[in-house]
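A.B. asks: Structure below; questions to follow.
Every number in this text was worked out from the coordinates using simple rules, so none of it is lab data. Keep in mind it's a predicted model, so treat the numbers as computed, not measured. FYI the Cβ positions are ideal-geometry reconstructions off the backbone, even for glycines, and counts take in every protein chain you see.
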Amino acid sequence: MKLKTLLILVLLVAGMILGGCQQDNKEPVAENNSSEQKAEESSNDGFQADDKVVTINGKVLSYEDLQFYQLMNKVDIELNRAVDEKNLQGEELTEKMAYWDEQLKYHDNFNVNLSKMMEQHTMYLLAREKGLGVETAQVSKTVEDFTAKVAQNEVASQLVSGFPSDAYENRLSNYFTEKLLTLQIYETLKADVVKEKPNASEKEVAYDTAKNYEELYQSQIASLEIKINATEHE
C-alpha cells in the first residue's frame, strides 16, 4: 500500500521540527571516540543513539530495519516486473517497464522507505489491537513462496545477496507477519466498501478503500507515541 505524497511531506516536516528541537538542546562537547563515550550514548533499549531512525510506542526501528524495508520494496518491484515481462507486450510492456524503473528510483528515497516502514508497523499494531492474528503456518508458507520467487529471479537474488544474510533471514518472518495483518485491515475495509456500494466499479471500490485506509492510518498514527530519531545518514 503506497502512502500518499502528502504523508511523506508531513513526515518530512515532523522530522525537521524534531531535528531542530534536538539541535537547540545540544550542549557543546569535546570529540571523543572512545568506547566509554559510545557506551554512554547507548540507551536502555540497546541501540546507539545514531542508529535509531524512529521509535513507535517504545519499539525502536533502526537503520538496518530501514535498509531491509528498502530491500523488500525493491525486490517486490523486480518480482512484479518479471510478471509483466511474461504477460505483457508491445507499448503496454514498454510503459510498464518504465514505470518499474521509476519505482526503483523512488525507493532510493530515505523518506519514502521511512514512510512505508512506519505505515506497516503502525497498521500491524492496529491489527493487534483489534484482535487480528495470523497462523504461524501461513507466515512460514508466505516466506517460503517469497523465497522461491526470489531464487528464480536473477535481479531479485542479487539484491538479496547484497544484504547481510543473518539480518535478512532474521527479519523475514516478522516482516510478513506484519504485512499479512496489514493486508487483513485493507481487505476488511474493502469488504465494507463493497457492502455499502454493491454496484460500484472495481476502480471506485479501490479508490474508496484506499481513502478509508488512509484515514484509518492517520487516526492510528496520531494515537501512538512516535519519535523520529534521525534523518538520512550522510
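A.B. asks: Tell me the Kirkwood radius of the range 89-131: reciprocal of the mean inverse pair distance over distinct alpha-carbon atoms, in Å.
C.D. replies: Kirkwood radius, the range 89-131: 12.6 Å.
A.B. asks: Would you list the P(r) distribution for the range 99-165, with all Cα-Cα distances sorted into 5 Å bins from 0 and each bin expressed as a whole %?
C.D. replies: 3, 12, 12, 19, 24, 18, 11, 2
A.B. asks: Moving to a separate point now. Whole-Hz ³J(HN,Hα) for each residue in the range 104-113, computed from phi via Karplus 6.51 cos²θ - 1.76 cosθ + 1.60 with θ = phi - 60°, x for glycine and proline: what do you get?
C.D. replies: Rounded to whole hertz, the list is 4, 5, 4, 8, 8, 7, 4, 6, 5, 5.
A.B. asks: Sticking with this structure for a sec: Can you sort ARG128, ARG81, ARG171 so the residue with the fewest Cβ neighbours within 10 Å comes first?
C.D. replies: Least crowded to most crowded, the residues run ARG128, ARG171, ARG81.
A.B. asks: Quick one: what are the phi-derived ³J(HN,Hα) couplings along the range 121-128, Karplus 6.51/-1.76/1.60 with θ = phi - 60°, whole Hz, x for glycine and proline?
C.D. replies: 5, 5, 6, 5, 4, 5, 4, 5
A.B. asks: Net charge near THR209, counting Lys/Arg +1 and Asp/Glu -1 over other residues with Cβ under 10 Å of its Cβ?
C.D. replies: Result for the local shell: -3.
A.B. asks: Among 58-66, 137-145, 82-90, how do they line up from the highest to the lowest mean number of other beta-carbon atoms within 10 Å?
C.D. replies: Highest-to-lowest ranking by the protection proxy: 58-66, 137-145, 82-90.
A.B. asks: The range 152-234: Rg/Rh from Cα coordinates, Kirkwood Rh?
C.D. replies: With Rh from the inverse mean 1/r over Cα pairs, Rg/Rh is 1.12.
A.B. asks: In the neighborhood of ALA98, defined by Cβ-to-Cβ distances under 14 Å, what is the net charge if each Lys or Arg adds +1 and each Asp or Glu adds -1?
C.D. replies: Net local charge, ALA98 excluded: -4.
A.B. asks: Using amide H atoms built 1.01 Å from N in the peptide plane, name the residues 5+ places from VAL60, or on other chains, whose amide H lies under 5 Å from its own.
C.D. replies: Long-range HN contacts for VAL60: none found.
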